């Protein structure tokens, strides 16, 4: 259970850090709206998933559902963590030095 709590906290920290990073790259005039919109989407995603999670626990049982959700949490944390090193979240793209 403590692993799931750790991963949940890690995902929350990574998610809001990523949202802030993306917001800082938006136009200055819309940054607060951009962050508010991303926060709203994050909360709606949690609400929709929690509505589905109850049905999954009823259908598959607590142990199987918990293992599934733990796997999803770990995969999500890994995905967001690696996104900071690759792709659009990467601060400094590696470039060849000028010749």
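FYI, it's all coordinate maths here, none of it is from the lab. Computed from a predicted structure; not experimentally measured. Here Cβ is always computed from backbone atoms with ideal geometry, including for glycine, and neighbour counts include all displayed protein chains.
Per-structure values
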read-out: Neighbour-count ranking [beta-carbon atoms within 10 angstrom, fewest first] of 42, 28; value: 28, 42
read-out: Residues 34, 21 arranged by fewest to most Cβ contacts within 10 Å; value: 21, 34
read-out: Gyration tensor (alpha-carbon) shape descriptor, region 13-85, a/c threshold 1.5; value: oblate
